[in-house]
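Data block below; observations after.
The values are calculated or read from the model by the stated rules, or taken from the named source; none is laboratory data. What you see is a predicted model, and the numbers here were worked out from it, not measured in a lab. Cβ placement follows ideal geometry from the backbone for every residue including glycine, while neighbour counts extend to all protein chains displayed.
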């Protein structure tokens with residue numbers, strides 16, 4: 001039985017909303033090439049949101065440089081992501097997906113810095129960035 005998420009779309013709707021690369025990563029559990037995303041160097045205050053449903057995922061202040069080639073974060077915004085066991089490619093990892101639309105975001109590992117010691121390794125194409133200035137203008 002497939003899980004029901006607050007945001008559900010048909011396959012055709014996902015394909016219309018997402019770029020081919022976003023669709024491959026987010027709906028088919030793909031991985032973007034390391035070092036290829038524009039958000040890798042993003043350091044401004046703001047919020048990283050799901051490219052599939054615009055739900056807030058990570059605050060910019062918890063982003064860190066992991067040296068892996070993907071945006072990495074210490075912790076998500078509470079309730080924004082869920083994890084499942086991923087046994088693909090002969091490995092056992094924890095997959096991270098959006099709690100609002102179920103889209104694949106990346107994986108979480110236990111080799112991050114304090115205080116959480118977690119590294120949420122997220123595909124940049126799975127996110128958009130909302131700078132803090134823009135967030136303040138909306139309020």
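Summary of values
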| item | result |
| --- | --- |
| Matching option when the condition is loosely packed, with under 12 Cβ neighbours inside 10 Å and out of contact with any strand residue (DSSP E or B) (no Cβ under 6 Å at 6 or more places or on another chain), among 3, 61 | 3 |
| Count - residues of the range 32-48 that are surrounded by fewer than 16 Cβ atoms within 10 Å (Cβ to Cβ), touching a helix residue (DSSP H, G or I) at 6+ places or on another chain (Cβ under 8 Å) and either closer than 8 Å to residue 129 by Cα or free of Cβ contacts under 8 Å to residues at least 40 places away in the same chain (or both) | 1 |
| Counted residues, the range 92-107 - those being buried (at least 21 other Cβ atoms within 10 Å of the Cβ) and in a strand (DSSP E or B) | 6 |
| Residue 56 being buried (at least 19 other Cβ atoms within 10 Å of the Cβ) and either in contact with a strand residue (DSSP E or B) (Cβ under 7 Å, 6 or more places away or on another chain) or under 24 Å from residue 111 (Cα atoms) (or both) | no |
| Out of 89, 23, sole residue that is assigned to a helix (DSSP H, G or I) and modelled with pLDDT under 95 | 89 |
| Subset of the range 43-53 [at pLDDT below 95 and either in a helix (DSSP H, G or I) or touching a strand residue (DSSP E or B) at 6+ places or on another chain (Cβ under 6 Å) (or both)] | 44 |
